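The values are calculated or read from the model by the stated rules, or taken from the named source; none is laboratory data. As the structure is a computational prediction, the values presented were derived from the model and not from experiment. Using ideal geometry, Cβ is built from the backbone for each residue, glycine included, and neighbour counts are taken over all protein chains shown.
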Amino acid sequence: MNPPNGAPPVITTDALTKVYPGGVTALSGLTVRVEPGVTGLIGANGAGKSTFIKILLGLLAPSGGAARVFGHDSDAEGERIRQLVGYMPEHDCLPPDMSATELVTHLGRMSGIPKTVARERAAESLRHVGLHEERYRQIGTYSTGMKQRVKLAQALAGAPRLLLLDEPTNGLDPAGRNSMLELIARIGEEFGISIVVASHLLGEVERVCDHLIAIDGGRLLRADTIDSFTQDSQTLMIEVTSGTAELRAELEGRGLSARPYQRALLVPIEGDGDGTYDTVLDGVAALGLPLSRLERRRHQVEELFRDDDQREAADVR
């Protein structure tokens, strides 16, 4: 990933490794750069995402390698990093008998912000996340979506340069997930804050991120821009409302390799693609079939996590 306008990376790691007692490896030789902007940290549950975030915050010591945030070593300068970073934890950790404004103000003061400033920032943060009218209610009366917004507000209250959001849509229904994702995208655009969104929901992350870092079993699978992850493949996807089997036979008779994929057919593109398109259209016209879709198939992020047989079926080789 190339930094925009020559800006230095927000996070760098070099062979970062974490092995827990009992020999459980959470991270293994992870070397990656996180550039300014909104970055998705994707992987299944247990892939090492939360461990990675806690090491960045200086809350866990690595077993090997190093991590730096804004040039500060996470193991030696954790306190300084926590002054620059807002953290939204995955699990529900909110006291039910406090109001949102009390909690966010208190956490602001704990980070060293003066009392008056902490109150002002709490009010501003809660307004940004849509809880201004509800800020004096006890958190125990909040819905799951409102509690997630409180966690985001407290992460914002310290005016951070970077937000680390661990599964921010956890426990939300589809409408709540959409609202949270829109909020994250708006914060990144309006505030200019770099954001790392850790999630196992790949489709959601694709919607709001500029870059993606995919890890599996603590190892780096790939780090790149979202456009590179989802670029067009050298494959045509053809879908007809009926007669798929007949069309497959027709195309193979015309020298094309066609194989089923869900309700469609996948055909490798040859050369500049013009000849392949023409042959497909001629085959559809010869059979008089109703064509509903003819387009280049785009890669999907989830394909990174498939095994070799699944990748072959998805035509990502």
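Quick check on segment 212-235. Is at least one of its residues modelled with pLDDT under 85, surrounded by 17 or more Cβ atoms within 10 Å (Cβ to Cβ) and over 25 Å from the mean Cα position of the chain (by Cα)? Scanning segment 212-235 turns up at least one residue that is modelled with pLDDT under 85, surrounded by 17 or more Cβ atoms within 10 Å (Cβ to Cβ) and over 25 Å from the mean Cα position of the chain (by Cα).
Across segment 236-267, the qualifying residues are those that are among the hydrophobic types (A, V, I, L, M, F, W, C) and free of Cβ contacts under 8 Å to residues at least 40 places away in the same chain, and the one among them that is surrounded by the fewest Cβ atoms within 10 Å (Cβ to Cβ) is ALA245. For segment 186-199, the condition of being in contact (Cβ under 8 Å) with a residue 24 or more places away in the chain, over 19 Å from ILE53 (Cβ atoms) and hydroxyl-bearing (Ser, Thr, Tyr) holds for none of the residues. Within segment 112-123, the residues that satisfy the criterion of being in a helix (DSSP H, G or I) and without any contact (Cβ under 8 Å) to a residue 24 or more places away in the chain are LYS115, THR116, VAL117, ARG119, GLU120, ALA123. A single entry from ALA223, ALA175 fulfils the requirement of being small (Gly, Ala, Ser), out of contact with any Cys (no Cβ under 7 Å at 6 or more places or on another chain) and under 25 Å from GLU35 (Cβ atoms): ALA223. One residue stands out in segment 124-133 among those that are part of a helix (DSSP H, G or I) and out of contact with any Ser or Thr (no Cβ under 7 Å at 6 or more places or on another chain): the one that is farthest from ASN178 (Cα to Cα), namely GLU124. In the set (1) in contact with a strand residue (DSSP E or B) (Cβ under 8 Å, 6 or more places away or on another chain); (2) in a loop (DSSP other than H, G, I, E, B); (3) modelled with pLDDT of 95 or more, ALA66 fails one condition alone, (2). Against the conditions (1) outside any helix (DSSP H, G or I); (2) surrounded by 15 or more Cβ atoms within 10 Å (Cβ to Cβ), VAL284 satisfies every one except (1).
Quick check: anything in segment 293-304 at pLDDT 85 or above and either surrounded by 14 or more Cβ atoms within 10 Å (Cβ to Cβ) or touching a helix residue (DSSP H, G or I) at 6+ places or on another chain (Cβ under 6 Å) (or both)? Yes; the residues of segment 293-304 include at least one that is at pLDDT 85 or above and either surrounded by 14 or more Cβ atoms within 10 Å (Cβ to Cβ) or touching a helix residue (DSSP H, G or I) at 6+ places or on another chain (Cβ under 6 Å) (or both). May I ask you to verify whether SER50 is in contact (Cβ under 8 Å) with a residue 40 or more places away in the chain, over 24 Å from the mean Cα position of the chain (by Cα) and surrounded by 15 or more Cβ atoms within 10 Å (Cβ to Cβ)? So SER50 does not fit the description; no. Please indicate, with yes or no, whether at least one residue in segment 178-199 is touching a Pro at 6+ places or on another chain (Cβ under 7 Å), among the aliphatic types (A, V, I, L, M) and under 30 Å from GLU270 (Cα atoms). No, the conditions are met nowhere in segment 178-199.
Taken over segment 149-173, residues that are over 17 Å from the mean Cα position of the chain (by Cα) and either on the phi > 0 side of the Ramachandran plot or among the polar types (S, T, N, Q) (or both) amount to 2.
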